[in-house]
1. Grab the Cα-Cα distance for Thr44 and Glu72, subtract it from 0.36 nm times how many residues apart they are, and report the gain in nm with one decimal.
2. Using a simple charge model, +1 on the beta-carbon of Lys and Arg, -1 on the beta-carbon of Asp and Glu, nothing else, what dipole does region 35-164 show about its Cα centre, in debye to the nearest 20?
3. Which order do the peptides 115-121, 82-88 come out in when sorted by mean C-beta neighbours inside 10 angstrom, highest first?
4. By the gyration tensor of its Cα atoms, with a ≥ b ≥ c the square roots of the eigenvalues, what is the shape of region 35-164: rounded for a/c under 1.5, prolate for a/b over b/c, or oblate?
5. Return the subset of Lys46/Lys89; Lys46/Lys141; Lys89/Lys131; Lys99/Lys141; Lys85/Lys141 for which the Cα-Cα distance in this structure is over 26 Å, preserving the input order.
6. With point charges of +1 on the Cβ of Lys and Arg and -1 on the Cβ of Asp and Glu, referenced to the Cα centre of region 35-164, which listed residue (Cys62, His74, Asn125) lies farthest in the positive direction of the dipole?
7. Could you check the spin-label model distance between Asp154 and Leu129? Points 7 Å from the Cα along Cα→Cβ, value in nm.
Amino acid sequence: MSPLIKVDFADNLPDNVPRSLGLRLSIELIPLTTAGINLRSELTPKQWDALRRAVYSRAGYCCEACDADSIEVHCHEVWNWDDKKHVQKLIGLRCLCWKCHEATHLSETGIRGPLNTLKHFARVNGITLFKANRIVKRAYKQVMERSKHEWELDTSWLNSYLQKEACHNEA
């Protein structure tokens, strides 16, 4: 039987998330070929719960993009995309309020709607709607190209926060 993996967060997770284009909040669209393949799908529900709670705690339960507090927060996975080798590599985790998380993925099914989501993205970054729209167009073009490929998932960044726990087989 393979060893179990237990999430061990004795220390706070580092805030190692690079800022895309100098923005506080970026557009991070997921290729169609990787939909549903993420850190959450790799961990057990108990491990994911421990991980996301550690991220929330590190951020003081405030959004790391817009500084909102007293609002529902989500654990957002930040990925680096190697477009030549087709590797999707986890590089960090952020605590985002639901509004920023919706804007990051440009959710059109959210209760705020796509225009309000774009306005929130622009407001958080201190940019015009025109510039925000240019960023969105670039992100859509990029994700369409990435959706033509299968991607390998690399979550090695998280390995230093995972603790192996031996299984005890009872005879």
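Readers should treat all values here as calculations from the given coordinates under stated rules, not as data from a laboratory. Just so it is clear, the structure is predicted and the values come from calculations on it, not from any experiment. Methodologically, a virtual Cβ is constructed for each residue, glycine included, from the backbone with ideal geometry; neighbour enumeration extends over all protein chains shown.
1. This chain segment gains 7.9 nm when fully extended.
2. Once rounded to the nearest 20, the dipole reads 340 debye.
3. By packing density, highest mean first, the sequence is 115-121, 82-88.
4. oblate
5. Beyond 26 Å between Cα atoms: Lys46/Lys141; Lys89/Lys131.
6. Result: Asn125, furthest along the dipole toward the positive end.
7. According to this spin-label approximation, the distance is 4.0 nm.
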